[in-house]
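Heads up, the thing below is written out as structure tokens.
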Amino acid sequence: MKTRVFMAALGVTCLVLSGCTSYRPAPPAFHEALNQPYILGSGDRLRITVFEQTGLSNTYSVDQSGYIAFPLIGSVPARGKTVKQLESTIASKLRGGYIRNPDVSVEIDRYRPVFIMGEVGGAGQYSYVPGMTAQTAIAASGGFTPRANQESVDITRQINGKIFTGRVRITDPILPGDTIYVRERLF
């Protein structure tokens, strides 16, 4: 009888613990994305300069639909493009009847934010800084709570239009638009 009770308790414990450990290592594309050219997305603010055209040179935000509203040429798709690709697109559209030989430069003025949730001092949206790691982002959010797992975090990242979630060390770099989730430690 005692053996049955012990086995039942052991089975329930294993079932509960297996539900708590939904470990998903980061897929290879997670780390490969760090070495690729930056891909523009909603929330990025761009400084666009058209040389010798002060009326066109300004800062523009990528809207929720992934477009920027640019004078003369209207909506220009920016989401999913690199800075160089956007420069080429704007120059091409301006060349189509507006400016003979436009020289366009695009720089990122402000990256889209990162989002931090879970066992941190102040969950929310925070500004991304190039070179930011999960640890520095957590520090910006008020640091870990006393119950936080301080070894690894879950990061949700969009790569090529697909959403991936993986577990990484807190010293791993993050990208703009990432969502960082700090789990509660078990003991």
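Please give the FRET efficiency for GLU184 paired with SER42, using the beta carbon to beta carbon distance and R0 = 25 Å, rounded to the nearest 0.05. Efficiency computed from Cβ-Cβ geometry: 0.20. For the chain, the longest principal axis of the C-alpha atoms and the axis of helix 83-95 are separated by about 30°. Going by alpha carbons, how many degrees (0 to 90, nearest 10) lie between the helix axis of 2-20 and the longest principal axis of the chain? The two axes meet at around 10 degrees. The distance from the alpha carbon centre of segment 49-63 to that of segment 142-187 is 36 Å, rounded to a whole number.
In a simple Cβ point-charge model (Lys, Arg +1; Asp, Glu -1; nothing else charged), the chain has a dipole of about 560 debye relative to its Cα centre.
Read-outs throughout are calculated quantities, based only on the coordinates presented, and are distinct from any laboratory measurement. Since the model is a prediction, treat every value here as computed from it, not as a measurement. Heads up, the Cβs are rebuilt from the backbone with ideal geometry, glycines too, and the neighbour counts pull from every protein chain shown.
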